[in-house]
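Heads up, the thing below is written out as structure tokens.
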Amino acid sequence: MEKQQFTYSIQPLLEEKEGNISGPMSPVLFAKEMASQVGFKYNRLARLWLADERINQCREDGGLTGNDTLIIGAVYKDNVWLSLWVDTGVGGVAVASAFRSDRSIDFVELYRRQPYVSKLSQNQVTDIFQSIFNDPTQINIKS
């Protein structure tokens, strides 16, 4: 069996208009809820589009769920913090988080235990985070 290449794209979700920052209702509400529950601040929000549509999805009624994979982060003057989440529509599952300055990623064991058809590997998460750490403009607020 041939190994499928890991392909993804990042879609920034926050936009600034007339001094106000906004974004799509569902991802923004999810980010606010997770920030409140877990106790973190963020200033970046992006959707991770995965070429393999089975990743972070469960089988449901003969198809796949429509879970969102979101990057919630913060860009500071001299550091970047990222967290990766699965928005299930009724809650969220943390995948991993990291500060660029730490050079290590904290992976969440609960994610590994989820009944998803396919999951992101630690190498894939590392690739995603490293890509953003190398170029944080990928998650910039649009104006």
Report summary line: Here the qualifying pairs (Cβ atoms under 8 Å; residues six or more apart or on different chains; first in the range 10-29 and touching a residue at least 40 places away in the same chain (Cβ under 8 Å); second part of a strand (DSSP E or B) and open to solvent by 90 Å² or more (accessible area, probe 1.4 Å)) come out as I10/W49; L14/I21; E15/I21
Report summary line: Taking first residues from the range 95-118 that are of a type in the set (K, R) and second residues anywhere that are loosely packed, with under 14 Cβ neighbours inside 10 Å, the pairs with Cβ under 8 Å that are 6 or more apart or on different chains are R100/N79
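The values are calculated or read from the model by the stated rules, or taken from the named source; none is laboratory data. Small disclaimer: the values here were computed from a predicted structure and weren't measured. Ideal geometry is used to build each Cβ from the backbone, glycine not excepted, and the neighbour counts take in all protein chains shown. Areas reflect the complete protein model, heavy atoms only, side chains present, ligands, DNA and RNA absent. Shrake-Rupley method; radii C 1.70, N 1.55, O 1.52, S 1.80 Å.
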